[in-house]
Each structure stands twice: as structure tokens, then as C-alpha cells.
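Novice: Below you will find the structure I want to go over with you.
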Amino acid sequence: MSAGPGRLVVAGLGPAGPDWLTPEASQALADATDVVGYGPYVDRVLERPGLVRHASDNRVEVDRARHALTLAAEGRSVAVVSGGDPGVFAMASAVFEAVEAGPAEWRGLDIRVLPGVSAMQAAAARLGAPLGHDFCAISLSDNLKPWSVIARRLTAAAQGDFVIALYNPASKARPGRIHEAFALLRACQDGAAPVAFARAVGRPDERIVLTTLAQADPALADMSTLVLVGSSETRLLERPGADRPWLYTPRSYGAGR
Ligand code: SAH
């Protein structure tokens, strides 16, 4: 048990592999006495003497955050880990939810959030530069919000001509949501808009499929997929000899039309 005041860092591990782990997050993991997170993320933190790894089930983020805060209040040096960026549909908000509802002393803890590479950034970099103009990110998970809100946001984003990054596009419990999402987008957006399914970006089983809104097969999306839906400006740039063209969105709206 470490003496002294405890602290808690919320660190993003990036979307895959050590190359997308920042030096700052890597140092925080090296300094921690305890790592708390969803099992597969905790598994990405190497075992070493003096480090206690606490893996938990994915569905209990706030319990996990409370556990981490309790350890920090006992004087431990805790790293809470998330995939990607910890502030994007991940543990940083769960920690603050737990602090808000928890004992007053938790507000005095030394808490730091360390940024990470989010899946949409990794996917965008693979594809070219689809996020070069205004974009939004929407999680299709309806665990924490009603589907009616998701549907309203999808429609508004398409009407606003944003590039849309869809996180959590599918799961075994909700296989139909991505089909409903595509139906909503097709109702208010040109079917020629480019769509990319970027699966397991940066991992050995990475797979990228480029298609159009009209032709996209929503069944290609699983829980390891980031779906990018282009705006009216997002376009393909052919490159001879490559597997696929670049996908990019110009910086100025209406340029080159
Ligand atoms: N905090 C994470 C997102 C957590 S939500 C981040 O910033 O990336 C989990 C969703 O992220 C997945 O359902 C998928 O849509 C996306 N995702 C995470 N890693 C990914 C990867 N390597 N390739 C593609 N999508 C990924």
C-alpha cells in the first residue's frame, strides 16, 4: 500500500497497439499501483511487480469508477483505462459521474484525464482526411439514451450536412439499429455520399470497406467498426496502383463544385 495522497489518472490506450498510446499515458501506466478498466483494456497493460490489475465487465462503468475512486482515496495511485480517447464515449465521464454523486472527499482527489487517439481519428487517417471539415460523432448505443434521441440527432446531422462518425454501431443485443440508422440517413441525404466501414483499425484483422450511402450494407458494422458517413462535399481521390482511393473532405465548403 502506498502512503501519501492518492491520485487517479484516466488514460486512453488508443484504438489499437502501442504506437497509438501516448508517451504521457504510457508513463502514467508505469507509475500506477492499480489499473482499473474493462477486461480487454486492462489486458493491454503489461503485468509487472507492484501493479494490481482490476478487470471488470463492460456494463458497469460507474461501479468501476467508484472502485477506482475508493482506491485513490485510500492512497493508491490509480490508472483508469479506456480504449481510444478516455473522454469519448468512455470512462472519463463515468469517473466524474461517480465524483458528482459520491462523498465530498472525492472532489479533493488529484484527478487527471490524459487524452488518447480516438477511433474516428485513426479511421480518418487510414482513409485520408474525411474529417477535414465540420463533423460530428454519434454513438448508436441506446444503453444510456433512448433511440428517439439518436434518431433525431442522425436526422439533424444529415440535414446539417455534417460528416458523421458512428461509434458503437452494432451489437448482438441490438443488431437492427444500424439498419434503422441507414434508413434515416438515406431519407434525408444523397445516396451518392461516400461511406466507410473501418473495422479494427490498427489491429491485425483491420478491414476497410469504402462504399456509398445508397449501396452500403449496414451488416458490415460490428462492435469493432467505426462507420464514417460523408457529407455532400466528401469525395474520393483516385490513386493509381492503390487498393482504394483516398477519402477526403475539402476544408472550404462549396470549393471545386
Ligand atoms: N473511447 C473510444 C470509443 C469507445 S466506444 C475512442 O475514443 O475510440 C467503442 C467504439 O469505438 C466501438 O464500437 C467502435 O465503434 C469504436 N472503435 C474502437 N476501437 C476501434 C478500432 N480500432 N477500429 C474501429 N473502431 C473502433
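Novice: Just need a number here: residues in the range 81-136 that are among the hydroxyl-bearing types (S, T, Y) and under 30 Å from S232 (Cβ atoms). Let's see the steps before the verdict.
Specialist: Filtering the range 81-136 down to residues among the hydroxyl-bearing types (S, T, Y) leaves 82, 93, 118.
From the residues that got through so far, the ones that are under 30 Å from S232 (Cβ atoms) too are 118.
The total comes to 1.
Novice: Sticking with this one: So A151 ticks every box in (1) within 28 Å of V95 (Cβ to Cβ); (2) away from the ligand (no atom under 11 Å from the Cβ) but one. Which box is left unticked?
Specialist: (1) is the only condition that A151 fails.
Novice: Hey, which of the strands (runs of 3 or more DSSP E) in the range 162-249, taking only ones fully inside, have at least 3 residues that are touching a residue at least 24 places away in the same chain (Cβ under 8 Å)?
Specialist: Values: elements: 163-167, 194-199, 207-212, 225-229, 235-237, 246-248.
Hits in the range 162-249: 163-167, 194-199, 225-229, 235-237, 246-248.
Novice: Looking at (1) loosely packed, with under 15 Cβ neighbours inside 10 Å; (2) within 13 Å of the ligand (Cβ to nearest atom); (3) under 15 Å from L114 (Cβ atoms); (4) of a type outside the set (D, E), can you tell me which one A30 breaks?
Specialist: In the conditions (1) loosely packed, with under 15 Cβ neighbours inside 10 Å; (2) within 13 Å of the ligand (Cβ to nearest atom); (3) under 15 Å from L114 (Cβ atoms); (4) of a type outside the set (D, E), A30 misses (2) alone.
Novice: Which condition number does A214 fail, the rest of (1) farther than 30 Å from G83 by Cβ; (2) of a type in the set (A, V, I, L, M); (3) surrounded by 21 or more Cβ atoms within 10 Å (Cβ to Cβ) being met?
Specialist: Evaluating A214 over (1) farther than 30 Å from G83 by Cβ; (2) of a type in the set (A, V, I, L, M); (3) surrounded by 21 or more Cβ atoms within 10 Å (Cβ to Cβ) leaves (3) as the failure.
Novice: Considering the range 218-240 alone, what residues qualify as being surrounded by 13 or more Cβ atoms within 10 Å (Cβ to Cβ) and either away from the ligand (no atom under 15 Å from the Cβ) or among the acidic types (D, E) (or both)?
Specialist: Residues satisfying the conditions are D222, G230, S231, S232, E233, T234, R235, L236.
Novice: For a quick check of your reading of the model, give me the residue pairs whose first member lies in the range 57-85 and is within 16 Å of A28 (Cα to Cα) and in contact (Cβ under 8 Å) with a residue 40 or more places away in the chain, whose second is in a helix (DSSP H, G or I) and among the hydroxyl-bearing types (S, T, Y), with beta-carbon atoms closer than 8 Å and at least 6 apart or on different chains.
Specialist: Close Cβ pairs satisfying both conditions: V81/Y41; S82/Y41; G83/Y41.
Novice: From (1) more than 16 Å from the ligand (Cβ to nearest atom); (2) surrounded by fewer than 13 Cβ atoms within 10 Å (Cβ to Cβ), pick out the condition that doesn't hold for P204.
Specialist: Result: P204 fails condition (1) only.
Novice: Sticking with this structure for a sec: Of everything in the range 87-124 that's more than 16 Å from the ligand (Cβ to nearest atom) and not in a helix (DSSP H, G or I), which residue is farthest from the chain's Cα centre (by Cα)?
Specialist: Restricting attention to the range 87-124, the residues satisfying the condition of being more than 16 Å from the ligand (Cβ to nearest atom) are 98-112.
After this cut, where a residue has to be not in a helix (DSSP H, G or I) as well, the list is 102-103, 109-112.
Values: G102: 26, P103: 29, L109: 26, D110: 25, I111: 21, R112: 19 Å.
Filtering the range 87-124 for residues that are more than 16 Å from the ligand (Cβ to nearest atom) and not in a helix (DSSP H, G or I), the one farthest from the chain's Cα centre (by Cα) comes out as P103.
Novice: What number of residues in the range 125-156 are assigned to a helix (DSSP H, G or I) and either under 17 Å from the mean Cα position of the chain (by Cα) or closer than 18 Å to F197 by Cβ (or both)? Steps first, please.
Specialist: At the first step, the residues of the range 125-156 found to be assigned to a helix (DSSP H, G or I) are 125-127, 147-156.
Checking which are either under 17 Å from the mean Cα position of the chain (by Cα) or closer than 18 Å to F197 by Cβ (or both) leaves us with 125-127, 150, 154.
Matching residues across the range 125-156 total 5.
Read-outs: derived from the displayed coordinates by stated rules, not from any lab. Quantities reported herein were computed from a predicted structural model and do not represent experimental measurements. No Cβ is skipped: glycine too gets one built from the backbone with ideal geometry, and neighbour counts run over all protein chains shown.
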